[in-house]
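Have a look at the structure below, then the notes.
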Amino acid sequence: MKIIEFLPFPVVILGEDSKIQYINAEFIKVFGYTLQDIPTGKEWFTLAYPDREYREKVISDWEESMVEVDICKSVIRNFDVMCKDGRIRNILFHLVKMENNKYFIISEDITERKKLQETLKQKLIFLTEPVVDTDNITFRDLFHIEEIQRIQDTFSEATGVASIITEIDGTPITRPSNFCRLCNDIIRQTPKGRANCYHSDAVIGKYNPSGPIVQPCLSGSLWDAGASIRVGNRHVANWLIGQVINEDMNMETMMAYAREIGADEKEYYRALKEVKRMPVEQFKKVSEALFLIANQLSLLAMQNIKQARDIAERKKTEEQLRMNENRLKTLLTLGRMQERPLEEILDFTMEKAVELTGSKLGYLAFLNEDETVLTMHSWSKTAMKECAICQFPSVYKVAETGLWGEAVRQRKPVITNDYKKDNPAKKGYPPGHVELKRHMNIPVFSGDKIVALAGVGNKGDDYDHLDVQQLTLLMEGMWGLLQRKNAGDIIKKQIVELETKNAELERFTYTVSHDLKSPLITIKGFLGHIISDVRKGNFDRMESDIKRISNAVDKMEYLLKDLLELSRIGRIINPSSKFSMSSSVKEVAELVNGFLEEKHVKFSYDENMPFVYADRIRIREVWQNLIENAVKYTGNQDKPEINIGYKNTDRGDVFYIKDNGTGIEEKYYKKIFGLFEKLEQKSEGTGIGLAIVKRIIELHGGHIWVESEGKDKGSTFYFNIPLKEGKK
Amino acid sequence: MTGDILTILLVEDNDDHAELVMRSFEEHRVANRIIRVSDGEAAINYLLRKGDFSDREKNPLPNLILLDLRLPKIDGLEVLAEIKTSEELRKIPVVVLTSSEAEKDITKSYSNYVNSYLVKPLDFDKFTTMMNELGFYWLGWNKKPF
């Protein structure tokens, strides 16, 4: 009893009908329960196993044990016990039956040990996971062969046995140490013999955790032993020793083998005599030693792998750091690119995205306002080279996109590392038909809205969350830059617009003041002459002078009227409507009919001209001005003709008005559209007509120009305006 | 300055203004003859004896050119440039006579070696005086180049 009292493990003595007769001090220390807490087994079960289901299992298990246990047969059970202080310990119970129907139970707290085991198991799993992509770790990958050779040779010398290390199929890795002549020069020199040797080595060296395999060789029956070398649970090599004879050998059976492999019997016999003799016990000891060393080697292998893994981890971390640095540099560079053109910014970001994720290609697509349409914008340079059909921009409905549109639908990054595998969402590659093995894309957000989709593909190994991070940060940086750039560009544009308007205003003011001043000079000048003539009593030129003054006043009036008109075109915009150009021309023709007839002009126009979307009144003005001009400048033509139509030219589809009048020299093509410019000084009008026409056309977003074959060869005016709504 | 008739080429597109100038010189004491053209192209053609003006006798080189700036077809400043870059013509004094007071025009004219720049006054009396003095100076005091 005394002994039990001071045993360093909890001890319980159980009497009949599960009455607890005694518990030692250690028991109370470990579990907390006293005899008062647990007078019988029942109380123990209740307290130690509070969970009813578990308790029932324990009880039934325990009852089985009671049956199983015997005087010379102890039983071991393992349960999780709830101690008095609430802790749970994992206990190994040793149940022993004593002589007087009493039971002796020793408990072992293996909670820590179990934890350790679990940790080791985890470590083992960790260690045996492959470091590289392939699962083919070979012996040669793990050990320096010359080192191993030395170990092997030394072992051989020390123990006197032959030795060799082979692949798991028996193929030699090291050079044989201490091989007997029989094996080396005779048996292994025959093809059959050699094959049998390899086979035997494979069998004897196979995986056996409990000890070395010791048995006669399957090729010649000499005694051999083998131990396996493993990495974790993977068998990578066999270490064979042996080639000894002991007292149990049968000469006849062995000679029969010589015949079997076709070796020279006399030689065989002689060599057989030379084989080393070793007592069984000694050989067994050597084999045990072999087993131990092989295990050590296995451990060494694991350590090597762990080191390699650590290095790989570290390299990966370094790589990651490098990438982060790279990304920071990229963002800095990007930040300075605000003034660069949009295309340059996008291309730069694209190339960096590919670089930072270690990919081979990348693309960028923009999303419209309501996130239903994707417009593919650019591909990285390598992608452009690789794919045959890369035309931009290409437009796709999000609903019809395959895997690459998932990021929009799911509103988060999507990684696909096995693109080739069948995938319900896959509907083909992002168009361009580059072969994809791995793919990743992310949505780019601006607030809550997705504004773009950035994707990369064909990284050397799998995409992971770090790649997602790189790409996301890069894209956010780019988007921010574009916002700022946009604002900057808008401001720049506005400044340019203002400057242009200013310049225009200055020119306008200059022209106007000059052209209004002219008639004033006339008026004042001739008034002076009239006054002077009146004083002299000379009335000859009076009437004509007065006429000149009157004309000048009229001129000023026209000038002011035209100016008002010109300014109104800029200010008051009538609503646009859809109407037929032909009907517009028809209206004008009726208006100027008298004028046309007066000058005997033959007028014709195309009655099937397209519909346009424009300011109806202003377009009428355009035709009116153009027709009037054509009539004014008929020049020497006695059969003046004017023709209006619509045709296709190298500048697109245009409306035209063609006449056969005086024509216009090339050097004046632009000048005639200037304010108050008249080519013929004597012609009617203020010279503002074409300026007004140009203004109207340009306000509609179109262009007007003239072509002429020269003097007296007539001229043709061309212009275009939008045919549909919303094309301004 | 003998009894030679001095020839003035007046380049002016405005009929009324041309009339005003010509009337001033009509009453002038210095004998003169004014040839008037209405645009820049005609001016060049005259001076280079091209087209309608190929007859040298009928179309002598002028002793003075009065040049308006705003002309149809070829602009006054261009005409000026043509004259002053031609070896034969640049000897002829050119007086710009224009309604424009714009500094830009003044600067450009002088850059093209104009001999004088005059702005047509609104006031009748001033106009008359200017024309008189113009006549006296260039046709009276000034020595002809040839």
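For residue B:71, the stated conditions hold: it is touching a strand residue (DSSP E or B) at 6+ places or on another chain (Cβ under 9 Å) and within 14 Å of chain A (Cβ to nearest Cβ).
Annotation note: Cβ proximity below 9 Å between a residue of the stretch B:117-134 that is more than 11 Å from every other protein chain (Cβ to nearest Cβ) and a residue that is part of a helix (DSSP H, G or I) and of a type in the set (A, V, I, L, M) (sequence gap 6+ or interchain) occurs for B:117/B:106; B:118/B:130; B:118/B:134.
For every residue, the table says whether it meets (1) in contact (Cβ under 8 Å) with a residue 12 or more places away in the chain; (2) within 14 Å of chain A (Cβ to nearest Cβ); (3) surrounded by 16 or more Cβ atoms within 10 Å (Cβ to Cβ); (4) within 30 Å of residue A:545 (Cα to Cα).
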{"site": "B:9", "(1), (2), (3), (4)": "yes, no, yes, yes"}
{"site": "B:16", "(1), (2), (3), (4)": "no, yes, yes, yes"}
{"site": "B:19", "(1), (2), (3), (4)": "no, yes, yes, yes"}
{"site": "B:27", "(1), (2), (3), (4)": "no, yes, no, yes"}
{"site": "B:38", "(1), (2), (3), (4)": "yes, yes, yes, yes"}
{"site": "B:41", "(1), (2), (3), (4)": "yes, yes, yes, yes"}
{"site": "B:49", "(1), (2), (3), (4)": "no, no, no, no"}
{"site": "B:54", "(1), (2), (3), (4)": "no, no, no, no"}
{"site": "B:61", "(1), (2), (3), (4)": "yes, no, yes, no"}
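Residues in the stretch B:76-93 include at least one that is closer than 21 Å to residue B:15 by Cβ and either more than 14 Å from every other protein chain (Cβ to nearest Cβ) or at pLDDT 85 or above (or both). Look at the stretch A:544-571: where a residue is more than 10 Å from chain B (Cβ to nearest Cβ) and a partner is at pLDDT 85 or above, sitting 6+ places away or on another chain with Cβ atoms under 6 Å, you get A:556/A:519; A:566/A:692; A:569/A:695; A:569/A:696. Do we find a residue being of a type in the set (D, E, K, R) and more than 59 Å from the chain's Cα centre (by Cα) anywhere in the stretch A:233-251? The answer is yes, given that some residue of the stretch A:233-251 is of a type in the set (D, E, K, R) and more than 59 Å from the chain's Cα centre (by Cα).
Does the stretch A:523-539 include one or more residues that are away from every other protein chain (no Cβ under 13 Å) and surrounded by 13 or more Cβ atoms within 10 Å (Cβ to Cβ)? No, that holds for no residue.
Checking the stretch B:42-58 against the condition returns a match, with at least one residue being closer than 25 Å to residue A:665 by Cβ and β-branched (Val, Ile, Thr). Within the stretch A:27-71, the set of residues being part of a helix (DSSP H, G or I), in contact with a strand residue (DSSP E or B) (Cβ under 7 Å, 6 or more places away or on another chain) and of a type in the set (Asp, Glu) comprises A:61, A:68.
Evaluated against (1) out of contact with any Asp or Glu (no Cβ under 9 Å at 6 or more places or on another chain); (2) buried (at least 17 other Cβ atoms within 10 Å of the Cβ); (3) of a type in the set (Lys, Arg), residue B:70 falls short on exactly one condition, (1). Among (1) under 14 Å from residue A:704 (Cβ atoms); (2) within 14 Å of chain B (Cβ to nearest Cβ); (3) crowded, with 18+ Cβ neighbours inside 10 Å, there is one condition residue A:670 misses while meeting the rest; what is its number? Unmet for residue A:670, out of (1) under 14 Å from residue A:704 (Cβ atoms); (2) within 14 Å of chain B (Cβ to nearest Cβ); (3) crowded, with 18+ Cβ neighbours inside 10 Å: (3).
Selection of the stretch A:367-410 for residues being outside any helix (DSSP H, G or I), buried (at least 17 other Cβ atoms within 10 Å of the Cβ) and at pLDDT 80 or above yields A:367, A:374, A:376, A:396, A:401. Could you say whether any residue in the stretch B:101-113 is part of a loop (DSSP other than H, G, I, E, B), hydroxyl-bearing (Ser, Thr, Tyr) and facing chain A (nearest Cβ under 9 Å)? No, the stretch B:101-113 has no match at all. Note on the stretch A:655-667: residues that are under 24 Å from residue A:619 (Cα atoms) and within 14 Å of chain B (Cβ to nearest Cβ) amount to 2. Within the stretch A:603-655, the set of residues being assigned to a strand (DSSP E or B), of a type in the set (D, E, K, R) and touching a residue at least 60 places away in the same chain (Cβ under 8 Å) comprises just one member, A:653.
When A:327, A:322 are checked against the criterion of being surrounded by 18 or more Cβ atoms within 10 Å (Cβ to Cβ) and closer than 24 Å to residue A:469 by Cα, a single residue qualifies: A:327. On the stretch given as the stretch A:47-70, residues that are without any contact (Cβ under 8 Å) to a residue 12 or more places away in the chain and either closer than 21 Å to residue A:102 by Cβ or not charged (D, E, K, R) (or both) total 5. Filtered by the rule that a residue be under 27 Å from residue A:234 (Cβ atoms) and among the polar types (S, T, N, Q), the stretch A:188-207 gives A:196, A:200. Does residue A:4 satisfy being free of Cβ contacts under 8 Å to residues at least 24 places away in the same chain, within 14 Å of residue A:109 (Cβ to Cβ) and not polar (S, T, N, Q)? Criteria not met by residue A:4. Candidates are the residues of the stretch A:259-279 that are of a type outside the set (D, E, K, R) and in contact (Cβ under 8 Å) with a residue 40 or more places away in the chain; the one that is nearest to residue A:194 (Cα to Cα) is A:261.
For the stretch A:656-675, check the following and say yes or no: at least one residue is in contact (Cβ under 8 Å) with a residue 60 or more places away in the chain, touching a strand residue (DSSP E or B) at 6+ places or on another chain (Cβ under 8 Å) and outside any loop (DSSP other than H, G, I, E, B). Checked the stretch A:656-675: at least one residue is in contact (Cβ under 8 Å) with a residue 60 or more places away in the chain, touching a strand residue (DSSP E or B) at 6+ places or on another chain (Cβ under 8 Å) and outside any loop (DSSP other than H, G, I, E, B). Within the option set B:110, B:117, being out of contact with any Gly (no Cβ under 7 Å at 6 or more places or on another chain), among the aromatic types (Phe, Trp, Tyr), over 21 Å from residue A:687 (Cβ atoms) and surrounded by fewer than 18 Cβ atoms within 10 Å (Cβ to Cβ) holds for one residue only, B:110. Scanning the stretch A:90-104 for residues that are surrounded by 18 or more Cβ atoms within 10 Å (Cβ to Cβ) and more than 9 Å from residue A:74 (Cβ to Cβ) turns up A:91, A:93, A:103. Only a single criterion out of (1) assigned to a helix (DSSP H, G or I); (2) surrounded by fewer than 20 Cβ atoms within 10 Å (Cβ to Cβ) is not satisfied by residue B:134, namely (2).
The values are calculated or read from the model by the stated rules, or taken from the named source; none is laboratory data. Nothing here was measured: the structure is a model prediction, and the numbers come from that model. Glycine also receives a Cβ, built like all others from the backbone with ideal geometry; neighbour counts cover every protein chain displayed.
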